[in-house]
1. Going through GLY277, GLY288 one at a time, which residue ends up being small (Gly, Ala, Ser) and not in a helix (DSSP H, G or I)?
2. Looking only at residues in region 27-51 that are under 21 Å from TYR83 (Cα atoms) and aliphatic (A, V, I, L, M), which one is surrounded by the fewest Cβ atoms within 10 Å (Cβ to Cβ)?
3. Output the number of residues of region 1-34 satisfying the condition of being in contact with a helix residue (DSSP H, G or I) (Cβ under 7 Å, 6 or more places away or on another chain) and under 18 Å from PHE68 (Cα atoms).
4. Can you pull out every residue in region 244-272 that is closer than 18 Å to VAL316 by Cβ and among the aliphatic types (A, V, I, L, M)?
5. Does region 144-154 contain at least one residue that is under 16 Å from CYS201 (Cα atoms) and either polar (S, T, N, Q) or part of a strand (DSSP E or B) (or both)?
6. Tell me yes or no: at least one residue of region 185-204 is outside any helix (DSSP H, G or I), surrounded by fewer than 24 Cβ atoms within 10 Å (Cβ to Cβ), of a type in the set (D, E, K, R) and in contact with an Asp or Glu (Cβ under 7 Å, 6 or more places away or on another chain).
7. Would you confirm whether any residue within region 291-311 is part of a helix (DSSP H, G or I), at pLDDT 95 or above, aliphatic (A, V, I, L, M) and in contact with an Asp or Glu (Cβ under 7 Å, 6 or more places away or on another chain)?
8. Looking at region 29-136, what helices (runs of 4 or more DSSP H) fall wholly within it and have at least 1 residues that are within 16 Å of GLU218 (Cα to Cα) and free of Cβ contacts under 8 Å to residues at least 60 places away in the same chain?
Amino acid sequence: MNPSVAIVILNWNGKAYLKQFLPGILLSEYDNLQIIVGDNASTDDSVSFLQENFPTVKIIHNDRNYGFAGGYNKVLERVEADYFILLNSDVEVSPNWIKPVIRLMESDTKIAAAQPKIKWQLNKNQFEYAGAAGGYLDIYAFPFCRGRLFNVYEFDNGQYNEQQEVFWASGAAFFIKSKCWREAGGLDADLFAHMEEIDLCWRLKNLGYKIMYCPDAEVYHVGGGTLQTENPFKTYLNFRNNLIIMQKNLPAGDAVFRIIIRMFIDFIAWWHFLLTGKPKFTMAVSKGHWHFLKSLSKTNKKRKSVQKDYTKHTGVYHNSIVWAFFIRKIKYFSKLT
């Protein structure tokens, strides 16, 4: 029998997406599968809709909205399976999207997590923002994806059809061995949302595990289903959380150096938002930095004994992606040098 798999969809007021995409998820071709919706205290009628229309789907209730990270932690405490798939509610799947990823992960005990190819649900020939063909970090821990650099989204012409070890797998369709989830301690609930999967993958890499991209499985992500891209709160979370995960996962001396550089790069973004008439985003960057500094002591307590030179991990671009994209005008991952 195949390893047991639990697809877990975290829901918060997402009735429309559940109605649109859950029927396709129920058609997933896998014979040892349970489908679970973890509800983050929705205030719409998501739960009653599920109970009436999808009685075979198990519902796990959280007593309040714990965010993406905390919500999944609470739900997965109550799930038993060999593999967890953390799946966004705004993801369309193809029938055979599970088997290739599980087959890949079963082939190597050192593989802890993986993602399928993630394309845009509104244009299925194009890669999507949240994951594309696997996640990378640059020399200053700035995250980006194969197939998507900043606001340039590549069309899928088969250029990323090889399986490959990457630095991080997307939280939009995140496969992880449950034993590795528990060993690493799950997601960091203090991050609330955004970059929590990068933090988890980084911790797993520091423990000696691999993160993989599987091109033989595809899913299609709407994107921005919970927090729209043009949202100051999302900007705040991204700037704050990126600094927090650097402090958590880098060796001490390296962390100080790289965080100072990153805050300088962020300051350039601060000026860009100000000069382009986006004062709310300027304030979001300032707030993100301030809250990062306020949390230094708390974050320091989360640092594990295993701290490695992250530039030696697979999935690191040994230059600045900001410099490559904005100064050198490199728009495609394949052109990075």
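The values are calculated or read from the model by the stated rules, or taken from the named source; none is laboratory data. Note that the structure is a prediction, hence the values are computed from the model and not measured. We place every Cβ from the backbone using ideal geometry, glycine too, and count neighbours over all the protein chains shown.
1. GLY277
2. LEU27
3. Of the residues in region 1-34, 8 are in contact with a helix residue (DSSP H, G or I) (Cβ under 7 Å, 6 or more places away or on another chain) and under 18 Å from PHE68 (Cα atoms).
4. ILE245, MET246, LEU250, ALA255, ILE259, ILE261, ILE265
5. yes
6. Yes: one or more hits.
7. For region 291-311, residues part of a helix (DSSP H, G or I), at pLDDT 95 or above, aliphatic (A, V, I, L, M) and in contact with an Asp or Glu (Cβ under 7 Å, 6 or more places away or on another chain): absent.
8. 99-106
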